[in-house]
1. Apply the a/c threshold of 1.5 to the C-alpha gyration tensor of the range 1-143 and tell me whether it is rounded, prolate or oblate.
2. How much of the calculated P(r) for the range 101-238 lies past 22 Å, in percent of all Cα pairs?
3. Using a basic spin-label model with each label point 7 Å from the Cα along Cα→Cβ, how many nm lie between LYS209 and ARG86?
4. Can you give me the relative contact order of the chain as a percent, contacts being Cα pairs under 8 Å and 6 or more apart?
5. Starting at 0 and stepping by 10 Å, how many percent of the alpha carbon pairs of the chain end up in each bin?
6. Accessible area, 1.4 Å probe, largest first: how do ILE250, ILE197, ILE263 sort?
7. Find the all-direction average of the projected area of the Cα convex hull for the range 45-109, expressing the result in square nanometres with one decimal place.
8. What number comes out for accessible area per residue over the chain if the probe is 1.4 Å? Units Å², please.
Amino acid sequence: MPKAIDSCRGTACSHEIIVVDDGSSDGTSAWLAAQPDLIAIRTENWGKDWAVNTGFARARGQYVRFLDSDDWLEPGANDAQIAIARETGADIVLGDYRTFDDRTGASTDATLVANDDFIAQQLGEGEYSHYSAFLFRREFIRDIPHRPEFLAVDDRMFVLEAALRHPRLATYRGTVLVHRHHDRGRLQAPNTMQAEIPIVRAEHAIYTKVMAQLQERNELTERRKRALAGLLWPLAHRMARHDLEEAVGIVREIYRLDPAFEIPDTGL
């Protein structure tokens, strides 16, 4: 967490760093209290979504970013995105990210490819980046909460809800975020097979909900159907570890979306 916070400090713009301590018992609260430049909020272990929503409610800046405690921002990236936002009037400024594995020291770049359909991109048509690499205009997302019913994949729902509003977009051509992988437990990577089931179902519920909204608006194009089909294929693999019948249902859904769907050469 100190590295994440320090990376937020390295900006030339007027800013506020809001940190939500959701019921820690490891000395985090005392450490935060000793940091004079933070807005530290203590909540009683209500979960990530309530913590993020609580912190966002305190934000007063024109732009906002959400950052997990085990990730960090690259130097200069935040200021560059803010400059782009002010110049273009963008609702969201996109950017690339890099994963770093603590266990091996390996890093992998995830580079956004230019895409003229942000919804299709966020549904899996190419690299869709990481939402902590995005800078959001606060007023644009003012009434989009982080929704606890989507568990560890709530950030996917958040970005898709934003995409459904057809935001004005701009892109910073550089790495904004380093997303760290480690073995100390992460919401997105449960350490037991049983813990994975509700997360897979939550992710499937997200795509089902978004698909229904697109259909209602007459915006479920063939291109978006194909993107969804590709996104559902690895989800079916993950579900098959736990419930084969439910996994088969997802595969049938894939072929309803894209009758010409071809199984990829590689698996997961």
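The values are calculated or read from the model by the stated rules, or taken from the named source; none is laboratory data. Just so we're clear, the structure is a prediction, and the values are computed from it rather than from any experiment. All Cβ positions, even for glycine, are placed from backbone atoms using ideal geometry, and neighbour counts span all protein chains on display. Quick note on the areas: whole protein, heavy atoms, side chains included, nothing else; ligands and nucleic acids left out. Shrake-Rupley method; radii C 1.70, N 1.55, O 1.52, S 1.80 Å.
1. Prolate shape, in that a/c is at least 1.5 and a/b is the bigger ratio.
2. It works out to 44 percent of all Cα pairs.
3. Result for the modelled spin labels: 3.6 nm.
4. Worked out over the chain, it gives 18 percent.
5. Bin by bin from 0 Å, the calculated values are 6, 27, 36, 23, 7, 1.
6. ILE263, ILE197, ILE250
7. So the mean shadow area of the Cα hull is 6.2 nm².
8. For the chain, the solvent-accessible area averages 51 Å² per residue.
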